[in-house]
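Below is one structure. I have some questions about it.
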Amino acid sequence: MKKRTTLTLLFIIYFFTANSQSLHPDSKFTLNGKIIGKSSAISVILTYRGQNAKEIRDTSEIKNGNFLFEGTLSEPTRAYIVCLDISGKVIASNTPEFYIEPSIMHVKLVGNKFDQLSINGSKTQKEQDSLTSLYPQRKIDALRIKTIKLRKAIASGDNSKFTEDELALLNRERQSYQSQKKEIDYQFITSHEKSYLSPFLLDYYFASNQMNLDSAKLFFKRLDNKIQLSTYGKSVSSLIKSKDSSRPGNTAPAFEVKDINGKEISLKIFEGKSVVLLDFWASWCIPCRELNPYLLSLYNQYHLKGFEIISVSIDAKRDDWKKAVIEESAMSWYQVFDQDVNEKMLFYTYAIGPIPSFILIDKESKIIGRYFGHEKSGKEELSKRLKELFP
């Protein structure tokens, strides 16, 4: 089963919860499961999103290698399963993802190798399987294995030019194959306007900033009306609206929030006084924390000239955020917890994809730039813009 694991997908689910009732009433689905071969699993957990994107976790006991799930759905949705042993521990780290829909489906697992999953009875999953077969996946996987080995060699002290050159070559090859994969997905979206898989693919590329706003609008417009109003369709629609309203040239969406010291801050207090940089980060984001010395240099260089930084943590737990701020003691600018924002979280208001990401706002509260901190070009563009603002 193909598995998309990017930072962005951790947050896309927000858009699912902001939508209204589905177009069609729920219909029954049945998922008959079978484990082939020896397995230490005694139960299976199925997780998926039902009506109004509510997360549903259902458990089924395994009897003679068989398990069964029944429920209701109004449309196809992504699901994943994990198997537990007698102690209640997850047997394998693999959590195969697939599409379930209102139908009778059959899924097969092989022993404890749960990534070797096959499913019948799901039209959407059949489309996904056909699409996956077109990907240069084996080449991508082989390159990933080679890249991991080289990174380990470098981490252990092998800093030879040969090793670094080989790693750079592998990265270029991987990017080439990823581009081929993206083109295949784009062609699918264009030619399958009535498929529930199309809005998921569109959501994935758009939310992860691999597709620009104008392209997303064009692809979305081509989708069938029923697909536009599906759960994933509504996710794309919400994201388009958020990115459209927070694009450079527009007035920055207002917000009010208390910082880590309990001080009330809002964009209003900086109007006519300061240029503001919104820095989106999280305690678990290593690239974010590696950028702190860079942010500190910007703050020291421009703060007295009218430059402020507001670091917005998207951590799930407040304690994780506070601990990270203490550890990063040099972060002397404003620190806020996104869940404390007065209305919708800024991560969604400003349609942030992968982090670290920056939004630059001028003294008139106009957005003048969006920058991706994980890209070298993002830092360079931000630095250049600040030099222009503070000559």
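For the range 246-295, please list each of the strands (runs of 3 or more DSSP E) lying entirely inside it that holds at least 2 residues being under 28 Å from the mean Cα position of the chain (by Cα), among the acidic types (D, E) and at pLDDT 95 or above.
Those strands (runs of 3 or more DSSP E) do not exist here; none qualify.
Any residue in the range 111-130 that's within 13 Å of I81 (Cβ to Cβ): show its pairings with residues that are acidic (D, E) and open to solvent by 60 Å² or more (accessible area, probe 1.4 Å) at Cβ separation under 8 Å, as long as the two are six or more apart or on different chains.
Partner pairs satisfying both residue conditions: none exist.
Each row is one residue, and each column tells you yes or no for (1) in a strand (DSSP E or B); (2) modelled with pLDDT under 90; (3) of a type in the set (F, W, Y).
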residue: S39; (1), (2), (3): no, yes, no
residue: T47; (1), (2), (3): yes, no, no
residue: I56; (1), (2), (3): yes, no, no
residue: S60; (1), (2), (3): yes, no, no
residue: L68; (1), (2), (3): yes, no, no
residue: T72; (1), (2), (3): yes, no, no
residue: A79; (1), (2), (3): yes, no, no
residue: V82; (1), (2), (3): yes, yes, no
residue: G88; (1), (2), (3): no, yes, no
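For the range 209-223: of the residues being of a type outside the set (S, T, N, Q) and in contact with a Ser or Thr (Cβ under 9 Å, 6 or more places away or on another chain), which is surrounded by the fewest Cβ atoms within 10 Å (Cβ to Cβ)?
Of the range 209-223, the ones of a type outside the set (S, T, N, Q) are 211, 213-214, 216-223.
Restricting the remaining residues to those that are in contact with a Ser or Thr (Cβ under 9 Å, 6 or more places away or on another chain) gives 219-220, 222-223.
Values: F219: 21, F220: 21, R222: 15, L223: 23.
Per the stated criteria, the residue is R222.
If you check G306, G262, which single one turns out to be without any contact (Cβ under 8 Å) to a residue 40 or more places away in the chain, of a type outside the set (S, T, Y) and open to solvent by less than 50 Å² (accessible area, probe 1.4 Å)? Steps first, answer last, please.
Values: G306 fails: without any contact (Cβ under 8 Å) to a residue 40 or more places away in the chain.
Exactly one residue qualifies, and that residue is G262.
Considering (1) at pLDDT 85 or above; (2) open to solvent by less than 20 Å² (accessible area, probe 1.4 Å), say which one L134 fails and leave the rest.
(2)
Another question, then. Scan the range 370-391 and report the pairs whose first residue is farther than 15 Å from L295 by Cβ and whose second residue is open to solvent by 30 Å² or more (accessible area, probe 1.4 Å) and basic (K, R), with Cβ atoms within less than 9 Å and a gap of 6+ or a chain change.
Correct list of pairs: R370/R247; L389/K305; F390/K305.
So, of the residues in the range 189-228 that are of a type in the set (G, A, S) and assigned to a helix (DSSP H, G or I), which turns out to be farthest from K243 (Cα to Cα)? Before the answer, list the steps.
Going residue by residue through the range 189-228, those that are of a type in the set (G, A, S) are 191, 195, 198, 207-208, 215-216.
Filter once more, so that each one left must be assigned to a helix (DSSP H, G or I): 191, 198, 207, 215-216.
Numbers: S191: 25, S198: 20, A207: 10, S215: 12, A216: 10 Å.
By that ranking, first place goes to S191.
For the range 68-83: of the residues being over 15 Å from Q125 (Cα atoms) and open to solvent by 10 Å² or more (accessible area, probe 1.4 Å), which is farthest from the chain's Cα centre (by Cα)?
Taking the candidates together, the pick is L68.
Give A330, A316 a once-over and let me know the one that is in contact with a helix residue (DSSP H, G or I) (Cβ under 7 Å, 6 or more places away or on another chain), open to solvent by 10 Å² or more (accessible area, probe 1.4 Å) and in a loop (DSSP other than H, G, I, E, B). Quick ask: steps written out before the conclusion?
Working: A316 fails: in contact with a helix residue (DSSP H, G or I) (Cβ under 7 Å, 6 or more places away or on another chain).
After applying the criteria, what remains is A330.
Being over 17 Å from T77 (Cα atoms) and modelled with pLDDT under 95, is that true of even one residue in the range 217-224?
Taking every residue of the range 217-224 in turn, none turns out to be over 17 Å from T77 (Cα atoms) and modelled with pLDDT under 95.
The values are calculated or read from the model by the stated rules, or taken from the named source; none is laboratory data. Predicted model, so just to flag it, every value in this text is computed and none were measured. All Cβ positions, even for glycine, are placed from backbone atoms using ideal geometry, and neighbour counts span all protein chains on display. Ligands, DNA and RNA are stripped out before the accessible areas are found, and what is left, the full protein with its side chains, is counted by its heavy atoms. Shrake-Rupley method; radii C 1.70, N 1.55, O 1.52, S 1.80 Å.
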